[in-house]
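K.L.:
If you scroll down you'll find the structure; I have some questions about it.
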Amino acid sequence: MATIPATTNVTTGKFVSEPKATYSLSIENLADIVAYSPNATQPDSLVSQASLPAGSLFTPITTATEVRQKKWSTVQISQDKHVELNSALVYMNHSCRPSLEIDMDLMEVRVAKDRDLQIGDELTFFYPSTEWQMDKPFVCLCDAGSGCLGTVTGAVDIEAQKLRKWFVNEHIVKLKSAQTSEIE
Ligand SMILES: [Zn+2]
């Protein structure tokens, strides 16, 4: 997840990444399918090196480890558990029209169901599909037009009916269902 705490270099006006892209693409065998590629706002964005059909397996997740506290780099896997991916996959940006789905029940990353993945496509997923409450909410600048959430705070703030537009993990389905029955 690449809500990287990017800061602007005062002298050059360019974004400076912190941390730097430290994960080798050999981890999770990503070298054939992933490349680092800076975009306008995120210095460590990822693009696809593979073209794959909609819904197909992009990569299994095998290096994740459970951590005590959520932070910008963690992914939520259940109502109260979070993991570090420990691979370059941590730099997938959020999009409200994501190119990938991340499924923490099956521990795999898949191509989005609504379109094929092309070489050069930015690798993105929908952060509220795993995150109930984002560690650091942010303003989304994705290309989804009227389908863009605007400010991304987590699934907690997305109406149940609206949330159905996206693939979300089972713990998010359960948390949303519990939240909805509390309100009604
Ligand atoms: Zn958006």
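The values are calculated or read from the model by the stated rules, or taken from the named source; none is laboratory data. If you're wondering where the values come from, they're calculated on a predicted model, not measured in any experiment. No Cβ is skipped: glycine too gets one built from the backbone with ideal geometry, and neighbour counts run over all protein chains shown. SASA here: full protein model, heavy atoms, side chains in, ligands and nucleic acids out. Shrake-Rupley method; radii C 1.70, N 1.55, O 1.52, S 1.80 Å.
K.L.:
Taking the residues in the stretch 139-165 that are at positive phi and out of contact with any helix residue (DSSP H, G or I) (no Cβ under 8 Å at 6 or more places or on another chain) as candidates, determine which candidate is nearest to the ligand (Cβ to nearest atom).
P.N.:
Taking the candidates together, the pick is G150.
K.L.:
If K136 meets every condition in (1) away from the ligand (no atom under 11 Å from the Cβ); (2) in contact with a strand residue (DSSP E or B) (Cβ under 8 Å, 6 or more places away or on another chain) apart from one, which number is that one?
P.N.:
Answer for K136: the failing condition is (2).
K.L.:
Sticking with this one: Quick check: anything in the stretch 71-83 without any contact (Cβ under 8 Å) to a residue 60 or more places away in the chain and assigned to a strand (DSSP E or B)?
P.N.:
So far as the stretch 71-83 goes, yes, one or more of its residues are without any contact (Cβ under 8 Å) to a residue 60 or more places away in the chain and assigned to a strand (DSSP E or B).
K.L.:
Okay, moving on. Just checking, does the stretch 146-169 include any residue being in a helix (DSSP H, G or I) and in contact with a Cys (Cβ under 9 Å, 6 or more places away or on another chain)?
P.N.:
yes
K.L.:
Let me ask something else about it. Among the residues of the stretch 84-121, write down those that are of a type outside the set (A, V, I, L, M, F, W, C), within 14 Å of the ligand (Cβ to nearest atom) and modelled with pLDDT of 95 or more.
P.N.:
Passing the criteria: H94, S95, R97, P98, S99.
K.L.:
Would you confirm whether any residue within the stretch 122-129 is under 22 Å from N39 (Cα atoms), of a type in the set (D, E) and open to solvent by 30 Å² or more (accessible area, probe 1.4 Å)?
P.N.:
Checking the stretch 122-129: at least one residue is under 22 Å from N39 (Cα atoms), of a type in the set (D, E) and open to solvent by 30 Å² or more (accessible area, probe 1.4 Å).
K.L.:
In the stretch 82-118, what residues are surrounded by 15 or more Cβ atoms within 10 Å (Cβ to Cβ), charged (D, E, K, R) and under 21 Å from Q133 (Cα atoms)?
P.N.:
Those that are surrounded by 15 or more Cβ atoms within 10 Å (Cβ to Cβ), charged (D, E, K, R) and under 21 Å from Q133 (Cα atoms): E84, R97, E101, D103.
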